[in-house]
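The values are calculated or read from the model by the stated rules, or taken from the named source; none is laboratory data. Everything quoted here is computed from the prediction, not taken from an experiment. Cβ: placed from backbone, ideal geometry, glycine included. Neighbour counts: every protein chain shown.
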Amino acid sequence: MDVDDDARTIGARLRRIRNSRGKSLEVIAGLAGISRASLSRIERGERALDSRSETVALANALQISPTDLTRLPVPAPGNGDTDAAVGAVRQALSAVSRNRSGGQVLPIDALRIRVRDLLDALRQCRLAEVGAQLPALTRDLHASIAAGRDVAQLLDLAVVLHTQGSHSWLRVMGAGVDLRSLAVLMARQAAENRDEPTMRGLAVFGDGLVMLAAGDFELARDELDSVTVPTNTSESMQLAGMLALCRSLVASVDKRPADVDAALDYASELAQRTGEGNAYWLGFGPTNVALWRMTDVLEGGDHERVVTIAERLNPRVHPNRSRQAAYWIDYGRALARLRGRQDDAVMALRRGETLSPLHTQRNPFVREVLAELLVRARRDAAGRELRGMAYRAGLPV
């Protein structure tokens, strides 16, 4: 097991892989398009590697997958029964992908209630509850589809469950891209069998996020551009808006600022028409557009602008606790890069952890920021909060 302290941050893992390849700082920095000094600071933990684009650039320079840098250390933080639950979900997805669900055939109404309750629990960050329920629900839903009754409605449930349930939960748990891809694949298959544009759009939304995590920006762009969702209902408008927001993030990571602005403008226009909504548990509306704008700007490295956007927002307006946690996480990551705002960064990240511990403890970019802040930590109240968070995230303190 990889239990060394120096394997528990992205920067230290990067240094270990670079040394094993026999590559110099100059060579890897040049291939990745960053300075030698920046790479050296990243490896020493003095600067967080919390940009998707930089992570992918460095992974490409080292000829490895981005997930080789961002994967969870072993033992993983915030574990308890979490890894066992991920294993059970893996087994369930593997079984249903082979048409061997082993589940019970149940009425559509019973399954609809279970899917609704699971997605409500996920959006309210009751993550252990989701992990306990997801394997059996996956098996039962697919057994019921195979039985041949109410197939269209059950396929809709499968798309929603695997995109908004399985994939979303696995992402927070820090599961590998391979397992998240399997969840999205099941959603894509259900959407193709359903052959309905809204379900195809929802499945592609999840697919785009997985390809983004894998560093395959061109494929993510092509997939997102391959679907058109009608905007004749509030629900479909909300989905179209979320697809636009996903396009904006892909464009941001891929350094296409004009496409970022165009996608955000379209999402903002739709949000003004829908108001605050939660169709398909997406939480789309003006607040969520602002939250995604924060993420896009953070990826672009304009930390002062992220803080400006954040300080004009009330995250409690958003219906999903998970997105409220994401607000405090992105706000804290931006504050950490501003001179004199370290204590504010710590407190923002602590609020995110309070809302959803695993959203912070298993997020590779949050763990990088915590490691950087530790280097500069003072022995005061904020320093104690920081060391507590770092310890719970599995970082050496």
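Descriptive notes on the structure:
- Filter pass, Leu224 being in contact with a Gly (Cβ under 7 Å, 6 or more places away or on another chain), part of a helix (DSSP H, G or I) and among the hydrophobic types (A, V, I, L, M, F, W, C): yes
- Residue within the stretch 4-22 that is outside the structural domain of Val397 (by TED's automatic domain parsing), free of Cβ contacts under 8 Å to residues at least 24 places away in the same chain and among the basic types (Lys, Arg) present: yes
A quick yes/no check of all residues on (1) at pLDDT 95 or above; (2) under 27 Å from Val397 (Cβ atoms); (3) in a helix (DSSP H, G or I):
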| site | (1), (2), (3) |
| --- | --- |
| Gly45 | no, yes, no |
| Ala59 | no, no, yes |
| Ser94 | yes, no, yes |
| Leu106 | yes, no, no |
| Arg112 | yes, no, yes |
| Ser144 | yes, no, yes |
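- Cβ separations smaller than 7 Å between residues 6+ apart or across chains give the following pairs from the stretch 338-350 residues that are within 13 Å of Val306 (Cα to Cα) to residues that are part of a loop (DSSP other than H, G, I, E, B) and not basic (Lys, Arg): Ala345/Ala336.
- Members of the stretch 332-363 found to be in a helix (DSSP H, G or I), within 26 Å of Arg126 (Cβ to Cβ), modelled with pLDDT under 95 and of a type outside the set (A, V, I, L, M), listed by number: Pro357, His359, Thr360, Gln361
- Unique match (being over 25 Å from Leu358 (Cα atoms), in contact (Cβ under 8 Å) with a residue 12 or more places away in the chain and buried (at least 18 other Cβ atoms within 10 Å of the Cβ)) among Asp140, Asp150: Asp140
- Total residues in the stretch 182-208, condition buried (at least 19 other Cβ atoms within 10 Å of the Cβ) and either without any contact (Cβ under 8 Å) to a residue 60 or more places away in the chain or not assigned by TED's automatic domain parsing to the domain that holds Leu170 (or both): 17
- For the stretch 31-40, residues that are part of a helix (DSSP H, G or I) and in contact (Cβ under 8 Å) with a residue 12 or more places away in the chain total 4.
- Selection over the stretch 60-102 of residues that are in contact with a Leu (Cβ under 9 Å, 6 or more places away or on another chain) and under 25 Å from Ala143 (Cβ atoms) gives a count of 11.
- Restricting the stretch 219-241 to residues that are over 17 Å from Thr163 (Cα atoms) and in contact (Cβ under 8 Å) with a residue 24 or more places away in the chain, the residue that is surrounded by the most Cβ atoms within 10 Å (Cβ to Cβ): Met237
- Filter result (of a type in the set (Val, Ile, Thr) and more than 22 Å from Val56 (Cβ to Cβ)) within the stretch 219-273: Val227, Thr228, Val229, Thr231, Thr233
- The stretch 69-127, residues that are of a type in the set (Val, Ile, Thr), free of Cβ contacts under 8 Å to residues at least 60 places away in the same chain and in contact with a Gly (Cβ under 8 Å, 6 or more places away or on another chain): Val115
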